[in-house]
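Input: a single structure, listed below in structure tokens.
The values are calculated or read from the model by the stated rules, or taken from the named source; none is laboratory data. Small disclaimer: the values here were computed from a predicted structure and weren't measured. Note that each Cβ is placed from the backbone with ideal geometry, even for glycine, and that neighbours are counted across all protein chains shown.
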Ligand SMILES: [Zn+2]
């Protein structure tokens, strides 16, 4: 794919970023960036903040350029609220940096931020995302931003004037969009705080906010600042007050709208997308563009706005997690290439949903169909590109399932076998006797994902329970035609014991009964007869009108039990 362009949205951005990087600083490592706030569980929707620059950075690397993808952990942000499911006593930590808040009681991690970073780091690694993590706590408390902070304080009147151009617009009620639900609210919150206080105080405008030396909270007010000595005086609501020298003080941070452009310049970021909340007039991205130029003498990154990613389903998520699905949750029900594909195939400004419900089966069918098209060379160039971005990175391929048996088949097999490994293997072996599956390893990790999906996401009343004993009452009430249909099925069972042949058999029984050839074209009458026959089989086998696809179900139930339940 070296040198390719215009294949898909990723290629187009890579072209743009490479050209911009060459213009700014030829030959330097190209920097793409993301920011994540570990203020609570990192919502699956926030994965777009990472996936968009990841895909672009990966394309740039594929073309042979050096490129780094920075993920800034906004772990020096204030702890804003206690999420659902956490001890309300944590409210005493509101206002402290996220790295100074104790982790939830059950955690093995050193602090709040580390606790919520860990599952995200695991998920990013599982998805093949290479990144360079930067802890903002470490940067600020080590004094790395000293010069930038002193510069921002010197230029505070200019910053105040820039912010003031937008302050009146901020009051427009049209800009205050209400998130549709808890999940969206969590996603929108994302990195930084779009609505954070911008540094205005009674004593003037100060873009730097100290964390209180006594109580560690940011409930502080700057009361004076001396440019000559860098002496800064503040008071805190806890009653503490002091004067510090900003030339040596390392316990505070720039307000978000100044912090972000400062880091664009400090890190030399060429590409950093942002969520819809950061791109409206007066937003951090727009204001940041002026601040980075007029105050820091740098340039704004290329920063497309990305649309919201929603979730469909998520029936049985544990409430201890606050009902917020994380990327790690998604990776328990789908393989990494599939999750990558969902992001690669949609332009950042297109919203989409990640399926935790039945829709995941259709999604997997679509993915398998794409893999076949790619293999036989009939896929469109943009689809080939999305596929290639899904299955690997510039560093190599990701883990895939050697034999990609349809997800819906695996889910049905696990459903019927109740997860019993031996029974699962027996059923899988029968799927295609000409080329039998000899080990569960051949269908892993997809099998494990389907198993996790069926056991955690499918409600009990939609699960399949094969009858132990025949439904004598129903069998006794059947008419001659229905008895004959069961007999035709049972007579053909042994000769048709594979997925393909059983499919032929179950469709042909109503045809034979109607005096038609096995390959007769379906008519409305025939379709009605087939539906009635299938419903009868479901009632006799699993006591419901529907269930997994019949050929899979028959294989799963096993020939002996099928004979018993159908009254042979
Ligand atoms: Zn205090």
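Being more than 16 Å from the ligand (Cβ to nearest atom) and either buried (at least 20 other Cβ atoms within 10 Å of the Cβ) or at pLDDT 95 or above (or both) is true for just one of 279, 274, 312. Which residue is that?
274
Which helices (runs of 4 or more DSSP H) sit wholly inside region 462-544 and have at least 2 residues that are within 44 Å of the chain's Cα centre (by Cα) and exposed (fewer than 13 other Cβ atoms within 10 Å of the Cβ)?
By residue number, 524-542.
Select from region 227-246 the residues that are more than 8 Å from the ligand (Cβ to nearest atom) and assigned to a loop (DSSP other than H, G, I, E, B) and write down the one among them that is surrounded by the most Cβ atoms within 10 Å (Cβ to Cβ).
Ranking the qualifying residues of region 227-246, first place goes to 246.
Check residue 65 against each of (1) closer than 30 Å to residue 13 by Cα; (2) surrounded by 24 or more Cβ atoms within 10 Å (Cβ to Cβ); (3) modelled with pLDDT of 95 or more and name the one condition it does not meet.
Here residue 65 clears every test but (2).
Just checking, does region 384-403 include any residue being farther than 30 Å from residue 69 by Cα, touching a strand residue (DSSP E or B) at 6+ places or on another chain (Cβ under 7 Å) and surrounded by fewer than 16 Cβ atoms within 10 Å (Cβ to Cβ)?
Within region 384-403 (the criterion being farther than 30 Å from residue 69 by Cα, touching a strand residue (DSSP E or B) at 6+ places or on another chain (Cβ under 7 Å) and surrounded by fewer than 16 Cβ atoms within 10 Å (Cβ to Cβ)), the answer is no, since none of the residues qualifies.
For the structure I just gave you, tell me whether residue 140 is touching a residue at least 24 places away in the same chain (Cβ under 8 Å), assigned to a loop (DSSP other than H, G, I, E, B) and surrounded by 22 or more Cβ atoms within 10 Å (Cβ to Cβ).
no
In region 351-375, which residues are touching a strand residue (DSSP E or B) at 6+ places or on another chain (Cβ under 9 Å) and either at pLDDT 95 or above or not in a loop (DSSP other than H, G, I, E, B) (or both)?
352, 353, 354, 355, 359, 360, 361, 362, 363
Given (1) crowded, with 18+ Cβ neighbours inside 10 Å; (2) modelled with pLDDT of 95 or more; (3) part of a helix (DSSP H, G or I), identify the lone condition not met by residue 442.
(1)
Take region 15-57 and flag every residue that is modelled with pLDDT of 95 or more and over 21 Å from residue 72 (Cα atoms).
Answer for region 15-57, where residues must be modelled with pLDDT of 95 or more and over 21 Å from residue 72 (Cα atoms): 15, 16, 18, 19, 20, 22, 23, 24.
Tally time: how many residues in region 210-226 are more than 8 Å from the ligand (Cβ to nearest atom) and within 12 Å of residue 96 (Cα to Cα)?
Our first condition is that a residue be more than 8 Å from the ligand (Cβ to nearest atom); within region 210-226, this holds for 210-211, 218, 221-226.
After this cut, where a residue has to be within 12 Å of residue 96 (Cα to Cα) as well, the list is 210-211, 218.
Residues flagged as more than 8 Å from the ligand (Cβ to nearest atom) and within 12 Å of residue 96 (Cα to Cα) within region 210-226 amount to 3.
Restricting attention to region 362-382, does a residue exist that is touching a residue at least 60 places away in the same chain (Cβ under 8 Å), within 25 Å of residue 52 (Cα to Cα) and surrounded by fewer than 22 Cβ atoms within 10 Å (Cβ to Cβ)?
Looking through region 362-382, at least one residue is touching a residue at least 60 places away in the same chain (Cβ under 8 Å), within 25 Å of residue 52 (Cα to Cα) and surrounded by fewer than 22 Cβ atoms within 10 Å (Cβ to Cβ).
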